Amino acid sequence: MAWPCVKGTIILKAKNPSEEDCALAYAAEILRNGGLVAFPTETVYGLGANALNLQAVKEIYRVKKRPPDNPLIVHITGIEQARDLVCSIPREAVLLAEKFWPGPLTLVLAKKKHVPDIITAGLSSVAVRVPAHPLALKLMAKAGIPLAAPSANLSGHPSPTTAGHVLDDMAGSIDAVLDGGSCSIGVESTVLSFLSDPPALLRPGGITLEMLQDVLQSKVMDFARRQQSKDFKGTPSSPGMKYRHYAPQTPLYLVEGEGADQRRKLADLNKKLAQEGYKVGLILFEESRDFYAAPVIKVLSSKKDPCLAAERLFAVLRSKDFLDVDVIIAEGLEEKEIGHAVMNRLRKAATKIIVP
Ligand code: AMP
Ligand code: MG
């Protein structure tokens, strides 16, 4: 079968079941031979490689330009495969896995010796998750190997939620991308560490703090929020948390807070920057759309629909319309449910945060 290519990267797009079988078989063969294949998950596109092949995993770091101290998540097909990689799974982690796998929850657990140091950046723990996307599950079943798969973007760029985004960053440096359309959740998985008691939320995502606490009936430490506060001076518990992420190519100001105060701050900033001669782009919620004027305005969603805001966030940050603005101002959202993950990503994308 002749697949289309961009700069040598094959695009495996399945339009019918027999094409899907061919695409999956081809992708699985590339992975088993130590190559790199980007594939869709329900969160964002992952850049997959055989997690037990050192050379293949090294390639992930090289093509992403990922700092070597930022460990990778290992994608698996179920809790049984997790047992091959981790020393033990605490009862509470089993409860969560039973409830949320396959799904956007990554568990950090003490690793077995044979898990390569390059995956874990030398840590004694490994992060594992079962993705919920049918193509990801079929690909892993066909390849028969656990897949190390960070987001398929260049380090520091917004994560990709379409195959087109993957090609924008990775065409010519990876073997193939399996095109499964747009990702439904749109922000990366929740990362929860069981190295502490109670467990610690290292990154908010599609499985919210509220959902975790509901199952565990106990406290979860919110390290992600704590480590983003401007007073935090300690060492991040997850190496990835110390890097600026999701940065669009344009400087981004985030205006936090709510109601009239937030609106006034955003309006003042927009006016000031425009008066200084900057071309401003705005990222807003529907409720505020009519309060501002600017050369480029992108509306994420209604404030009442944070799931849609999450789904659209990275595509908006990557929007080509923002390429010729001088500065972006983004409106913050209430930090509850998946709004927590949206705010976490916006803070990491921001060059400057304006707090209430
Ligand atoms: P990404 O690959 O872009 O989805 O990012 C994976 C996230 O998981 C990063 O923030 C990593 O720092 C984090 N992570 C992966 N493995 C571990 C681990 N063993 N301990 C703590 N955080 C981890
Ligand atoms: Mg990433």
Item to check | Selected residue (criterion: farthest from the chain's Cα centre (by Cα)) from residues of the stretch 31-64 that are over 18 Å from Glu188 (Cβ atoms) and in a loop (DSSP other than H, G, I, E, B) | outcome: Asn33
Checklist entry - If you take the residues of the stretch 85-120 that are free of Cβ contacts under 8 Å to residues at least 60 places away in the same chain and acidic (Asp, Glu), which of them is surrounded by the most Cβ atoms within 10 Å (Cβ to Cβ)? => result Asp117
Checklist entry - From the set of residues in the stretch 183-217 that are away from ligand 2 (no atom under 16 Å from the Cβ), part of a loop (DSSP other than H, G, I, E, B) and touching a residue at least 24 places away in the same chain (Cβ under 8 Å), which is surrounded by the most Cβ atoms within 10 Å (Cβ to Cβ)? => result Ile207
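Between Pro17, Pro4, Pro68, which is free of Cβ contacts under 8 Å to residues at least 60 places away in the same chain and within 14 Å of ligand 1 (Cβ to nearest atom)?
Pro68
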Checklist entry - Does Phe314 fit the bill of being closer than 14 Å to Pro251 by Cβ and aromatic (Phe, Trp, Tyr)? => result no
Next on the checklist: Just the residues that are more than 20 Å from Gly186 (Cα to Cα) and not hydrophobic (A, V, I, L, M, F, W, C), please, taken from the stretch 280-303.
Outcome noted: Gly281, Glu287, Ser288, Arg289, Asp290, Tyr292, Pro295
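To keep it simple, each residue is scored yes or no on (1) part of a loop (DSSP other than H, G, I, E, B); (2) in contact with a helix residue (DSSP H, G or I) (Cβ under 7 Å, 6 or more places away or on another chain); (3) under 30 Å from Ile119 (Cβ atoms).
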residue: Arg263; (1), (2), (3): no, yes, no
residue: Ala274; (1), (2), (3): no, no, no
residue: Gly281; (1), (2), (3): no, yes, no
residue: Ala293; (1), (2), (3): yes, no, no
residue: Cys307; (1), (2), (3): no, no, no
residue: Asp324; (1), (2), (3): yes, no, no
residue: Ile328; (1), (2), (3): no, yes, no
residue: His340; (1), (2), (3): no, yes, yes
residue: Asn344; (1), (2), (3): no, yes, yes
Checklist outcome for this item: In the stretch 126-156, anything surrounded by fewer than 22 Cβ atoms within 10 Å (Cβ to Cβ) and within 16 Å of ligand 2 (Cβ to nearest atom) is listed as Leu154, Ser155, Gly156
Checklist entry - How many of the residues making up the stretch 71-87 are within 11 Å of ligand 1 (Cβ to nearest atom) and either over 15 Å from Thr120 (Cβ atoms) or among the β-branched types (Val, Ile, Thr) (or both)? => result 3
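Select from the stretch 158-177 the residues that are within 14 Å of Gly8 (Cα to Cα) and outside any loop (DSSP other than H, G, I, E, B) and list them in ascending order.
Hits for the stretch 158-177 are Val166, Leu167, Asp168, Asp169, Met170, Ala176, Val177.
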Item to check | Criterion violated by Thr162 - all others in (1) within 20 Å of Ala56 (Cβ to Cβ); (2) touching a residue at least 12 places away in the same chain (Cβ under 8 Å) satisfied | outcome: (1)
Checklist entry - What are the pairs, 6+ residues apart or on separate chains, where a residue within the stretch 36-53 that is more than 21 Å from Leu85 (Cα to Cα) has its Cβ under 7 Å from a residue that is at pLDDT below 95 and within 15 Å of ligand 2 (Cβ to nearest atom)? => result none
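The values are calculated or read from the model by the stated rules, or taken from the named source; none is laboratory data. The structure presented is a predicted model; accordingly, all values stated were derived computationally and were not measured. Backbone-built Cβ (ideal geometry, glycine too); neighbour counts: all protein chains shown.
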